[in-house]
Structures are given as C-alpha cells and as structure tokens.
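Working notes, structure below.
Computed from the coordinates by the stated procedures, all read-outs in this text should not be read as laboratory data. What you see is a predicted model; the values in this text were computed from it and never measured. A quick note on method: Cβ atoms are made from the backbone with ideal geometry, for glycine too, and the neighbour counts reach across all protein chains shown.
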Amino acid sequence: MTHTSEPASGENGKGNHRKNTAEKREHGKDIAARGKGLHRRKFLGGMAGAGIAAVVGAGTTFSLLSGATKNKASAVDTALTIPDLLEGTTSDSTTTFTLEAQTGTAEVLSGVTSDTMGYNQSFLGPTMKWTNGDTVLLNITNSLGEDTTVHFHGAHVPAKMDGGPQVAFSDGTTWSPTFTVKDPATTLWYHPHALGTTAKQAVHGLAGMIIVEDSTDASAALPSDYGVDDIPLIFQCLATDSAGDIKYDLTGYLSSGLSYPLLLNGTNVDSTTLAFTATKTRTRFRALNASPSDIITIQRSDGGTLTQISTDQGYLTEATDVTTIRLVAGARAEFVMDLSADATLQAVVTTGWVRGGSGTYDVLAITASGTDTPDDLPSSLNTIDRYDTSDFTARTITLGQSGTKMLINGSAGTSMSSMAMISTTVGSKEVWTITNSTQLEHSFHLHDVPYQLISINGETPTGVELGWYDTYEVVGGGSIEIAMEFTDFSDDTYMYMLHCHLLQHEDEGMMAALMVTES
Ligand code: C2O
Ligand code: CU
C-alpha cells in the first residue's frame, strides 16, 4: 500500500478545521454530550458547555469527533513494531543500561520526513525491563545539542535520581542515576523533564517504556514474554504542519493547516491498521498514552470487553472487564485478551487541549493463532488497602490560568524560583483536593509516590478507579481528591514535581515542586 502525505478522508482533523466556528460550537455540544455518555462523572452539569465556549472564545479551534472509523477501509499491511528490549549488563548485582538521547528523522506523517529525537534511535526509545529489588544504573548521554533530563515517570526513586528539572544535563555530558527498584510489577515510562523544553523534546520522540517485573503470584500467572504475549502499545497523537514540522507550543498549535497524526509504537496509523499475530491465546497489552495532550480511549471494534489488570501503578485487586480504557496524557493501563477469535483494537482520540486530534481509528488487527488453553486468571491480583483519610493532612492544589500562563496555587512554575512549593516530611499521610479552576482539561501527575482516588468530582470511585494512580484526569471545573503516603526518600535540595501532564501546560507553568524532608 502506498502512503500519501494527505489524510485519507475529509473526516479527519485537517478537513474539520476548515469548518466555520458556528459549526464547531454545534459540534462542541456534541462532544460534551458524548463525554457525558462515556464518562458519567467527567463533566459537571453546565460546566462542559462553558468550557467549550471558553476554548472557542479564546480564538482557538479544536477537532471534532467523527462518527465513522477513520481508517476502516484500509488494508492491514504493516506489522506492529515492537520497540527493542534494551539489554542491560549485570555485575555486582547492579544492572547497567546505556541510553543516548539523539536527533534523527522519521516519518511521522506518512510520506513526509520529520526532524525527530529518540533514545538510541531516531524516534522513541527501547523498552527497559527492571526487576523489583534489583539495583539499576543508567548511563544516559545527551547528544541533543541542548539541555535535557530523563525522568522515570511513575518510579519511586530518590528525588535526585528522579530526573526532574534540577538535574538537567547539557549536550555532550552523561548523567548516571542509580537506585534500587522499589516499584511493584507495573508499566512506567521515561521521557525528558527540563524546564520549558519537555513538550518539545517529548513530541519529537523522546519517550520509552519501562516494564517493572516482580515475583508475585500474579506476575507468575500473567503473560510476560516480551513481544510475544506481552505487548507494548505506545500511543502518540501529535500535531504537525504539512512539511512534517512537529508542533509543541501554543504558537505552533495556532498555526494553520495542522494535521494530527496518530502513531502506535512510532508508526502512523492514520490510514493503516497494524497487524499482530497472537501465537498465544492470552495476550497482555501495556498501553501508554505518550501524547502531549490528547486523550486516548482504547476499545474493541466489536464492542466487546477488555480485561484490565493494571492502572498506572500496578495491579488492580482483581482482573476487571471493561469496554473502554481512557488514558489521559501520561497515563498507562494493562489489559489481557483471551483470543479465541480475531479482534481489532481501536483508539478513540479526544482533544485534550485547545486544539488536537479526534476520531476513532482501527489501530491493531489481531490474528488469533494460539491453540493453547490458558488457566483461569488468578482470582486476586493484588491487595490494596484503601486509605482511611480521616486523620490525613489535607491540602488544596488549585490548577489555574492567567492569560497564557498556567498556574498551580497561583504560581507559574516556569522557573525553579517561581514554582509553588509543597513541603512535607517522610511518614506524612496526606489527602489533596486538586481543584481545576480553569475550563480546560488537565492531567494531574505526582512524582515519587502512588496515590489513591478518594473522590472524582464529588463521587466515590468504583471499579478500576480503586487502583493506584500517578496521573489522572481533572476536567474543566472539576476536582479530584487523592491520598498518598510519603514513605521514604528525604532530601533538602532535590525536589519532586507535581504538574499537569498536558506537556504544553506543564511548560507554561502548571508545575509545582514537592520537597520531602526528614520528619
Ligand atoms: Cu511524565 Cu513529571 O512527568
Ligand atoms: Cu493541563
């Protein structure tokens, strides 16, 4: 099949942007209505409409959800790319990984060459496997020609090893963090985190997956053969102009003629459905939304269920059948499918920022060729003791906006000195109310420790919402309550970050610091 630089049909974002504003407003209502249907508690009464109006009123546009699947008619002609597994070398019980952040080119828009960045390759990075209890050492060389950091998103590591803005390292230098892997079996990822350049570097391709393994019974019972029955799915909905220049800031997003290519493991799926042959009946998928801002919802094309086993921070208490898995920017989830027949996975892209992609894509056609009969899934995957927050320290974190500046507790965290700072101590148990005083969508990410959702827009969590998270949606005008415990790792110099994972918002200041000191 020949790839073309033009989108496959007028249904996609590019065509939609030419429609007039009145029509956009109409469709805006439609988006809100669909949002309500899909996510009963994600929109608050009249707030959704107000949010859309605010976005349109600000002179910006956004893509529309289209009813039809964009790439439905296309042939399945390209195999799903599985990112390489990065081999570490182990000696003296330390496993060493070598990464180089570098520049390159890739086809982000089919048929068009874009300038990109990647780890050890031109776009994206290899998958690392870490084992709970082991010590890892990473030697990461910066060959980007500008400062960078590498943050281990979701990992529970000392602040100095966390890859936040304070440990930026310059071109030509190597940063060598080392730590013990304390995380349970989960799917993490790594990406840059230097002040003001996170969006730019991440959208150009600096992102990779980390698989943490452990020795629990649940892990032993679940598929874990990487690339065979344990499959990474890295989604990116980007924004590019027709020359393939990938956009990452407000100025870029407001330029005209943008396309919003959807990539799965680095391959454009705008007019292609990727192919995967499942040689085992039970296949585990690890989905990561590495988009700068758009929301990705994963579902089956036949409306069937996916068996979700993990949220951001490890196993659910039990495998849970769901029809959709909604991932805000930065979030992950794992699910398994017992494939007695072929199945197709779809990704629904919903714009998460002022402007972005939209639509439903058939992303992965799975051929079921396994002849084995898997055992029943374990009845219990994990024990999660729900926090009783009655004697927890309470805080309010307000996500705000002033013009183009994005704020946390009133401060635009565009420099270390201007950032709001949360100070706490080891052993502290806290409950935070994250209040979104803007009409924009935000994705709340906390470094260091996982959190439980205590309430979502005033409602009590149920089902998969009872898992452990590090990145969660806060809708315009909405709020979430989260609870966490600062179990260890004090430092009076290096700080963790808490921020919106819509990368443009983060770069525009929606980031605060968290200093955890000794009790
Ligand atoms: Cu994935 Cu602070 O970031
Ligand atoms: Cu945001």
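Per-structure values
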| item | result |
| --- | --- |
| Sequence of Arg326, Arg286 once ranked by neighbouring C-beta atoms within 10 Å, starting from the fewest | Arg326, Arg286 |
| Net charge, Arg395 excluded, C-beta distance under 11 Å - Lys, Arg +1, Asp, Glu -1 | -2 |
| Where only C-alpha atoms are counted, convex hull volume of the range 81-219 per residue in Å³ | 110 Å³ |
| The chain, relative contact order in percent, only Cα pairs under 8 angstrom and at least six apart counted | 16 percent |
| Under 5 Å, built H, 5+ apart or other chain: amide partners of Leu364 | Leu274, Leu345 |
| Relative exposure of Met337, Met416, judged by other C-beta atoms within 10 Å (fewest first) | Met416, Met337 |
| Fraction in percent of alpha-carbon pairs per bin - 5 Å, the range 379-447 | 4, 12, 19, 21, 16, 12, 9, 5, 2, 1, 0 |
| Per-selection metrics, the chain (Cα): Rg and Dmax in Å | 21.4, 66 |
| Qualifying trypsin sites (Lys or Arg not before Pro) for the range 374-471 [loop in DSSP, other Cβ within 10 Å: at most 16] | Arg386 |
| Enclosed volume per residue, in Å³, of the convex hull spanned by Cα atoms of the range 389-517 | 93 Å³ |
| Loop GluC sites (Glu not before Pro), the range 406-460, which have at most 12 other Cβ atoms in a 10 Å radius of their Cβ (DSSP) | none |
| Per-residue Cβ neighbour rank within 10 angstrom, fewest leading, Ser91, Ser122 | Ser91, Ser122 |
| Highest to lowest packing among 229-238, 465-474, scored as the average C-beta count within 10 Å | 229-238, 465-474 |
| Range of Cα positions in the range 249-399 per principal axis (Å), largest first | 54, 53, 23 |
